[in-house]
Amino acid sequence: TDDETPPLAYVKEERTRVIRKALCRIHPDYGTALYLSYFEGLDNGGIARGMKGTKRRVEMLLYRGKQALKKELEKEGFVYEEL
């Protein structure tokens with residue numbers, strides 16, 4: 001019926017698609033740090049090595065990246081949950 005909720009796998013897939021699209025619209029360094037953290041599962045040390053920076057810089061990129069991503073997602077009407 002029309003009032004059934006979509007399967008959980010579809011919801012997760014759609015959420016991932018929207019987030020990846022939004023990641024492309026924020027500063028590239030923010031997007032890269034967030035992608036490596038949340039999609040690749042790297043810790044801050046791994047991200048720092050991959051981006052040739054320091055852990056402190058990665059912490060800053062993740063913090064600012066989350067803020068920028070939140071703004072992008074809100075523009076699309078996406079309900080932001082803590083990443």
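Select from Ala68, Gly46, Tyr10 the residue farthest towards the positive end of the dipole of the chain; place +1 on Cβ of Lys and Arg, -1 on Cβ of Asp and Glu, and compute about the Cα centre.
Comparing the listed Cα positions along the dipole, Gly46 ranks first.
Are there trypsin sites (Lys or Arg not before Pro) in segment 9-45 that DSSP puts in a loop and that have at most 16 other Cβ atoms within 10 Å, and which ones?
Listed in order of number, the matching sites are Arg25.
Using Cα-Cα distances under 8 Å and only pairs 6 or more residues apart, what relative contact order does the chain have, in percent?
Across the chain, relative contact order equals 29 percent.
Based on C-alpha coordinates, I'd like the Rg and Dmax of the chain, in Å.
Final numbers for Rg and Dmax: 14.6, 53 Å.
With every protein chain present, what is the per residue accessible area of the chain (1.4 Å probe, Å²)?
Per-residue value: 73 Å².
Given the rule -39500 (n - 2.57) for each run of at least 4 DSSP H residues, summed and divided by the residues of the chain, what is its mean residue ellipticity at 222 nm, to the nearest 500 deg cm²/dmol?
Roughly -21500 deg cm²/dmol at 222 nm, from the helical runs in the chain.
The values are calculated or read from the model by the stated rules, or taken from the named source; none is laboratory data. As the structure is a prediction and not an experimental result, all values here were calculated from the model. Don't worry about glycine lacking a Cβ; one is built from the backbone with ideal geometry, like all the others, and counts go over all protein chains shown. Keep in mind that these areas ignore ligands, DNA and RNA; they rest on the heavy atoms of the full protein, side chains included. Shrake-Rupley method; radii C 1.70, N 1.55, O 1.52, S 1.80 Å.
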